[in-house]
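Structure first, then comments.
What follows draws every value from the coordinates through simple rules; no lab data is involved. Given the structure is predicted, the values throughout are model-derived calculations rather than measurements. In this analysis, Cβ positions are derived from the backbone assuming ideal geometry, glycine residues included, and neighbour counts consider all displayed protein chains.
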Amino acid sequence: SLTIGIVGLPNVGKSTLFNALTRNNVLAENYPFATIEPNTGIVPLPDKRLPVLAKLVHTEKIIPATVTFVDIAGIVKGASQGEGLGNKFLANIREADAICEVVRTFVDDDIVHVNGKVDPADDIDTINTELILADLQTIENALPKLEKDLRGKKVSGEYVAAVNEAKTILEAGETIDHAAAAGKIDKNAIYDLHLMTAKPFIYVFNVDDNELQDDAAKKKLADSVAPAKAIFLNAQFEADLTELDEDDAREMLADAGLDESGLDQLARVGFDVLGLQTFLTAGEKEVRAWQIHQGWTAPQAAGVIHTDFEKGFIKAEIVSYDDFVAAEGSMTKIKDAGKLRLEGRDYIMQDGDIVEFKFNV
Ligand code: GDP
């Protein structure tokens, strides 16, 4: 499954955040097949629709979609040259599908900052520079063979031009993700280089309580990484929240003036950045959110439930979540209201589709 790698300088709150994410992990029961590595956290995607559906179809069992986070060892200056855990951490980042960069803005004199001062922009620069240098190495290693293949007409001129374009961007100190968002380069054109900075980035600013309420300060930080997504949370607060039962946690959130935990926000944004979406099934046995890629067709979605569903796909019977709720979950009412849609092989799944697949065995 797709994973998000958590990176950042030492002492910025990565472990605190990661432990909160994994303690939040109530899924072991539903995912007995998932061998959970110690550095891997599987986190439920918050979805307010699921309990509503469960009530309507009279089931207790809810299976949410999930987001997988991998804790990657701290990055230090020189990592791309093999400093610290250099090569190991680079290999781990290569395996991740998106990057969650934890940046410290909280000030605490008891907690040493590796660079001696709390300076988010400087920290981001340090980390991104290491990733950029590693990507430049990848390109420099690839180019001699590419030039040769170009002479032998084994690769296209457009491809080599795109690789050189990527090199220019990186040399100017910009990540490929950032440049692509600004329309300077097409990520797909250089996909097979598997560059680290071409992965989607999420920035998590580990702020203190005052800053969490300071919209101007947050906007400034968000703007500094835009168009990448920025999330603001207090990792210590999030860790404390996971120690509480649901009611107490909600009360503590409300007291802090928040309507959603930072972990829930991170799961939602992470899911989105990975290009995922859900469709829903609702029956007496269980209510479940299934994760698929955005843009997938009905047969592809069917295949997530069972490969036979994809092979023998006939059609999908679909009700939108809103129509299902309006009809109080009654299929008779849904049909009478003309809200049951029959969709064929080419149908592109929409978020919130409640689906029953019809298939040949
Ligand atoms: P890592 O090296 O990035 O994994 O950082 P840790 O999660 O181990 O955190 C380093 C220290 O900072 C620990 O003592 C944490 O308790 C503390 N810490 C983490 N997050 C916060 C925070 O939001 N506020 C404050 N004041 N301390 C924090």
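For a Förster distance of 51 Å, can you work out the FRET efficiency between the beta-carbons of Lys219 and Lys61, rounded to the nearest 0.05? The computed FRET efficiency comes out at 0.75. Annotation: extensible slack from Asp122 through Lys153 equals 6.8 nm (criterion: 0.36 nm per residue apart, minus Cα-Cα distance). Helical runs assigned H by DSSP (4 residues or longer) give the chain a calculated mean residue ellipticity at 222 nm of -12000 deg cm²/dmol, each run adding -39500 (n - 2.57) before division by the residue total. Rounded to whole Å, the principal axis extents of the Cα atoms in the chain read 64, 62, 38, largest first. Of the GluC sites (Glu not before Pro) found in segment 278-361, those that fall in a DSSP loop while having at most 13 other beta-carbon atoms within 10 Å are Glu284, Glu328. Label zone (Asp351, point 7 Å along Cα-to-C-beta; backbone nitrogen cut-off 11 Å) within segment 288-321: 294. Calculate, for Leu340 and Glu246, the FRET efficiency according to 1/(1 + (r/R0)^6) with r their C-beta to C-beta distance and R0 41 Å; round to the nearest 0.05. Step by step, r from the Cβ atoms, then E = 0.75.
Given contacts defined as C-alpha pairs under 8 Å and at least six residues apart, what's the relative contact order of segment 295-359, whole-number percent?
Taking the mean separation of contacting Cα pairs over the length of segment 295-359, I get 50 percent.
In this rough spin-label picture, where each label sits 7 Å from Cα along the Cβ direction, the Asn19-Ser330 distance is 5.3 nm.
Given contacts defined as C-alpha pairs under 8 Å and at least six residues apart, what's the relative contact order of the chain, whole-number percent?
On the way: 597 pairs, mean separation 68.3, N = 361.
That works out to 19 percent.
Separation of segment 234-286 and segment 48-74, taken as the distance between their Cα centroids, equals 10 angstrom.
Counting only the backbone N, which residues of segment 126-148 are under 11 Å from the spot 7 Å out from the Cα of Asn164 toward its beta-carbon? Backbone N within reach: 147. What's the FRET efficiency of Asp192 with Val114 using the Cβ-Cβ distance as r and R₀ = 35 Å, to the nearest 0.05? Computed FRET efficiency for Asp192 and Val114: 0.50.
For every other residue with a beta carbon closer than 13 angstrom to the beta carbon of Met196, add +1 if it is Lys or Arg and -1 if Asp or Glu, then tell me the sum. If you can, show how the numbers build up before the last one.
On the way: positive: Arg94, Lys187, Lys199; negative: Glu95, Asp97, Glu101, Glu130, Asp135, Asp177.
My count for the surroundings of Met196 gives -3.
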